[in-house]
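Peer 1: First, the structure itself, so that you have it in front of you.
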Amino acid sequence: MDKIACRICHHSQEGNTYTVKEMQLGLREDFNYLLCSSCGCMQLLDIPTDLSAYYPNNNYYSFNAGNKLVRTDLLRKIRTAYLLYGKHRIGGAALSTGYKKPEYLEWVKMPSVQFEDRILDVGAGSGQLLIDLHKNGFSNLSGIDPFLETDLDYGTIKIRKQDIFSLEGVYDYIMLHHVFEHMNHPLQVLQQLYKLLKPGKFLLIRTPVMGMYGWKNYGTDWVGLDAPRHLFIHSIDGMKRLAAEAGFETRKIVFDSGPYHLWASEQYKNDIPLMDARSYMVNRKNAGFTKADMQRFDDIARCTNEEGEGDQAAFYLFKH
């Protein structure tokens, strides 16, 4: 058997390959992956020449939006300033009573992102995250996504059909939310992001993590593989190694897996694609999951996150 070299750590090995079906769109095409026995990265062996066929704008969940003007809500900004920076204590406290803080505020709180900071969302899709941030007071926002049909214009927010290697300028904060695993040549990607980030600032990468609960329990039915869109699913050690090689310091890792990785993997195990009429994503009533099932998925996700075994994580990478 011929040896195969890992494209991340270059370790040469025999075997350790897996066949994974495309199950998000229900095409059920087979794709071969290598699981590196050294760095733990799962990687697609033969990347399709044209991946755009697997990102149809009318069916892929990240692109579901239209153009509209977006404005900041003053009361939301006061509440956000209180939650993030402790400002407007009286008004902020009153506005926060009974308010469930959205997860995206945590993504800007840890790196101390300010309202006026220049923020870039890589792989922004329809731009919903940027829209939410703008409504809460953040004013200098932009996004890119090479798989868009065309640029999106929300007034103060522009999302370009573009990739990172054609970008110029520098940013105070760069985010990749479940995008890094879709990108070829991960080290070169990180090196380019390093160039685009100001010193003393953070890069956030949220991505599936290989070798955790989902892989151990579902194998090739684990939704985190998402063939062929996910070109690389990195391990924790592999991500740290790549980040360091690009010049970053890994400051913090937060496991943030949710029940999606569980119920979707259960469906794949039963040959139900994500966008199928029987899927929980499409029609919750038809999916067949009980409240007890969903509570169990919630409990597993919470426990695996706490134990450092979550199926996805947020990596806060710092540039000195």
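The values are calculated or read from the model by the stated rules, or taken from the named source; none is laboratory data. Fair warning: this is a prediction, and the values are worked out from it, not measured in the lab. Reconstructed Cβ throughout: ideal geometry from the backbone, glycine too, with neighbour counts over all protein chains shown.
Peer 1: Could you list, in sequence order, all residues of the stretch 278-303 that are under 23 Å from the mean Cα position of the chain (by Cα) and assigned to a helix (DSSP H, G or I)?
Peer 2: If the condition is that a residue be under 23 Å from the mean Cα position of the chain (by Cα) and assigned to a helix (DSSP H, G or I), then MET294, PHE297, ASP298, ASP299, ILE300, ALA301, ARG302, CYS303 are the ones that fit.
Peer 1: Test of understanding: among GLY308, GLY224, GLY200, which residue is surrounded by fewer than 19 Cβ atoms within 10 Å (Cβ to Cβ), in contact with a strand residue (DSSP E or B) (Cβ under 8 Å, 6 or more places away or on another chain) and closer than 30 Å to ALA5 by Cα?
Peer 2: Of the residues listed, the single one that is surrounded by fewer than 19 Cβ atoms within 10 Å (Cβ to Cβ), in contact with a strand residue (DSSP E or B) (Cβ under 8 Å, 6 or more places away or on another chain) and closer than 30 Å to ALA5 by Cα is GLY308.
Peer 1: Within the stretch 236-258, can one find any residue that is of a type in the set (Lys, Arg), closer than 22 Å to LEU35 by Cβ, touching a Ser or Thr at 6+ places or on another chain (Cβ under 7 Å) and at pLDDT 95 or above?
Peer 2: yes
Peer 1: Does MET294 fit the bill of being modelled with pLDDT under 95 and hydrophobic (A, V, I, L, M, F, W, C)?
Peer 2: Criteria not met by MET294.
Peer 1: Right, another one. If you go through the stretch 244-270 one residue at a time, how many are in contact (Cβ under 8 Å) with a residue 40 or more places away in the chain and more than 22 Å from ALA292 (Cα to Cα)?
Peer 2: Selection size over the stretch 244-270: 11.
Peer 1: Could you check the stretch 170-197 and list, in sequence order, the residues that are surrounded by fewer than 23 Cβ atoms within 10 Å (Cβ to Cβ) and hydroxyl-bearing (Ser, Thr, Tyr)?
Peer 2: Scanning the stretch 170-197 gives TYR171, TYR194.
Peer 1: Sticking with this one: Checking the conditions here, which among VAL20, VAL70 is hydrophobic (A, V, I, L, M, F, W, C), modelled with pLDDT under 90 and surrounded by 11 or more Cβ atoms within 10 Å (Cβ to Cβ)?
Peer 2: Within the list VAL20, VAL70, the selection yields VAL70.
Peer 1: Looking at the stretch 304-314 only, could you name the residues that are over 13 Å from GLY214 (Cα atoms) and in a helix (DSSP H, G or I)?
Peer 2: If the condition is that a residue be over 13 Å from GLY214 (Cα atoms) and in a helix (DSSP H, G or I), then GLU306 is the only one that fits.
Peer 1: Quick one: in the stretch 1-52, of everything that is basic (Lys, Arg) and in a loop (DSSP other than H, G, I, E, B), which residue is nearest to SER279 (Cα to Cα)?
Peer 2: For the stretch 1-52, the residue satisfying everything is ARG28.
Peer 1: Filter the stretch 154-169 for residues that are surrounded by 15 or more Cβ atoms within 10 Å (Cβ to Cβ) and either in a loop (DSSP other than H, G, I, E, B) or of a type in the set (Gly, Ala, Ser) (or both) and give the result.
Peer 2: Across the stretch 154-169, the qualifying residues are TYR154, THR156, ILE157, GLN162, ASP163, LEU167.
Peer 1: Quick one: how many residues across the stretch 154-205 are closer than 21 Å to PRO111 by Cβ, β-branched (Val, Ile, Thr) and out of contact with any Gly (no Cβ under 8 Å at 6 or more places or on another chain)?
Peer 2: 5
Peer 1: Anything in the stretch 253-276 that is closer than 26 Å to THR19 by Cβ and part of a loop (DSSP other than H, G, I, E, B)? List them, or say none.
Peer 2: Across the stretch 253-276, the qualifying residues are SER257, ASN270, ASP271, ILE272, PRO273, LEU274, MET275, ASP276.
Peer 1: Right, here's the next one. Taking the criterion of being hydrophobic (A, V, I, L, M, F, W, C), closer than 27 Å to PRO111 by Cβ and not in a loop (DSSP other than H, G, I, E, B), would at least one residue in the stretch 206-226 satisfy it?
Peer 2: no
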